[in-house]
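The values are calculated or read from the model by the stated rules, or taken from the named source; none is laboratory data. What you see is a predicted model, and the numbers here were worked out from it, not measured in a lab. Cβ sites come from the backbone with ideal geometry, for glycine too, and all protein chains shown count toward neighbours.
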Amino acid sequence: MNKKLIKTVALSLVASMGFLMAGCEQEQAADNELGTVTPGVLTMATNAYFPPYEFYEGEQIVGIDAEIAQAVADKLGLELVIEDVEFDSIIAGVQAGKYDIGCAGMTVTEERLQSVNFTSTYSTGIQSIIVTEGSDITNLDSLIASDCMVGVQSGTTGDLYMTDDIGEDRIDRYNKGNDAVMALISGAVGAVVIDNQPAQSFVDANEGLVILDTPYTVEDYAMAVNKENEALLEAINNALAELEADGTIDSIIEQYIPSEEA
Ligand code: ARG
């Protein structure tokens, strides 16, 4: 082959590869209108030690969030894949485009809104204090006034509030809410501050613990979505509105939190 021919062949090869690649991308864009991390899949990040929102039943992650996300994925024609990760890595992972949604009984906060968008709210929670029966701590004021260590789940609103109220030195951070509760049972901490529904589940599962109400404000739970992906945000919000309107969300919540307890 002479040099000119080689050059022409090479050029046309490059050109046709470029054409093919452009073709692929277009097809993928058409197929992946919602811009999910993996086409056809809704990748959800959670931290699955937060009953009744997410917890393991055998190998499977179940709970309010898992079921609502499944119902949303069904509406969007996507397969739901749940990844169980550390709570304080969820927002960063959504922001970095690793996960499509963070769905973890996650509270909408001003600070998180700097990094991600949130869908509409599908549930609410409030921070509660768990202590052992007979504890001197009877409310938030006596908790603040005491000198006991407080167990929290790292990076949660309970962590933020407590750190503000009593300072770093009295905070013991755990990756799982349940580990904080175990620390309370063993006496390593004098109280645990966590959302009310998981608090109730932990108290139901362990003898000798009680829940104290706090004057903290009610928190809205929503799914975190990457700021760049407005199409997905809108599609999820539409799906949530439909699931709200037809009673699906209420019945999922009722299944895990029977109303006489709520
Ligand atoms: N609502 C609290 C927050 O957003 C706690 C959420 C913890 N969720 C979990 N799946 N572990 O900070």
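Are there any pairs with C-beta distances below 9 angstrom linking a residue in segment 149-164 that is farther than 17 Å from GLU110 by Cα and touching a residue at least 60 places away in the same chain (Cβ under 8 Å) to a residue that is of a type in the set (Ser, Thr, Tyr) and within 10 Å of the ligand (Cβ to nearest atom), with the two at least 6 apart or on different chains, and if so which?
Filtered contacts from segment 149-164: GLN153/TYR49.
In segment 139-179, what residues are within 11 Å of the ligand (Cβ to nearest atom) and among the aliphatic types (A, V, I, L, M)?
Listed by number, the residues that qualify are VAL152, LEU160.
Please work out if TYR216 is within 20 Å of PRO51 (Cβ to Cβ) and hydroxyl-bearing (Ser, Thr, Tyr). Let's see the steps before the verdict.
Details: within 20 Å of PRO51 (Cβ to Cβ): no; hydroxyl-bearing (Ser, Thr, Tyr): yes.
Against the criterion (within 20 Å of PRO51 (Cβ to Cβ) and hydroxyl-bearing (Ser, Thr, Tyr)), TYR216 does not qualify.
In segment 80-109, which residues are over 21 Å from SER123 (Cα atoms) and of a type in the set (Val, Ile, Thr)?
VAL81, VAL85
Just to be sure I understand the filter: pairs with C-beta atoms under 6 Å, separated by 6 or more residues or on different chains, first member in segment 219-231 and closer than 15 Å to THR109 by Cβ and in a loop (DSSP other than H, G, I, E, B), second member within 15 Å of the ligand (Cβ to nearest atom) and of a type in the set (A, V, I, L, M, F, W, C). Which pairs pass?
ALA222/VAL108; ALA222/PHE118; MET223/ILE101; MET223/CYS103
Collect the residues in segment 189-244 that are among the aliphatic types (A, V, I, L, M), under 20 Å from ILE64 (Cβ atoms) and within 16 Å of the ligand (Cβ to nearest atom), keeping them in residue-number order. Give the derivation first.
Restricting attention to segment 189-244, the residues satisfying the condition of being among the aliphatic types (A, V, I, L, M) are 189, 191-194, 199, 203, 205, 209-212, 218, 222-225, 231-233, 235-236, 239-241, 243.
Filter once more, keeping what is under 20 Å from ILE64 (Cβ atoms): 194, 199, 203, 205, 211, 218, 222-225, 236, 239-241, 243.
Answer for segment 189-244, where residues must be among the aliphatic types (A, V, I, L, M), under 20 Å from ILE64 (Cβ atoms) and within 16 Å of the ligand (Cβ to nearest atom): ILE194, ALA199, ALA205, ILE211, VAL218, ALA222, MET223, ALA224, VAL225.
Go through (1) within 13 Å of the ligand (Cβ to nearest atom); (2) assigned to a strand (DSSP E or B); (3) more than 10 Å from the chain's Cα centre (by Cα) one by one and return the number of the condition MET44 breaks.
So the condition that MET44 fails would be (3).
May I ask you to verify whether GLY63 is modelled with pLDDT of 95 or more and away from the ligand (no atom under 16 Å from the Cβ)? Before you say what the answer is, go through the steps one by one.
Numbers: modelled with pLDDT of 95 or more: yes; away from the ligand (no atom under 16 Å from the Cβ): no.
Criteria not met by GLY63.
Can you confirm whether THR138 is more than 26 Å from GLN255 (Cα to Cα) and of a type in the set (S, T, N, Q)? Talk me through it step by step, then tell me what you get.
Numbers: more than 26 Å from GLN255 (Cα to Cα): yes; of a type in the set (S, T, N, Q): yes.
The answer is yes for THR138.
Going through segment 86-105 one residue at a time, which ones are over 19 Å from GLU230 (Cβ atoms) and within 13 Å of the ligand (Cβ to nearest atom)?
GLU86, PHE87, ASP88, SER89, ILE90, ALA104, GLY105
Anything in segment 55-114 that is surrounded by fewer than 19 Cβ atoms within 10 Å (Cβ to Cβ), of a type in the set (Asp, Glu) and not in a helix (DSSP H, G or I)? List them, or say none.
Selection gives GLU57, GLU59, GLU79, GLU83, ASP84, GLU86.
LEU113 is checked against (1) within 16 Å of the ligand (Cβ to nearest atom); (2) within 19 Å of PRO198 (Cβ to Cβ) and fails just one. What number does that condition carry?
(2)
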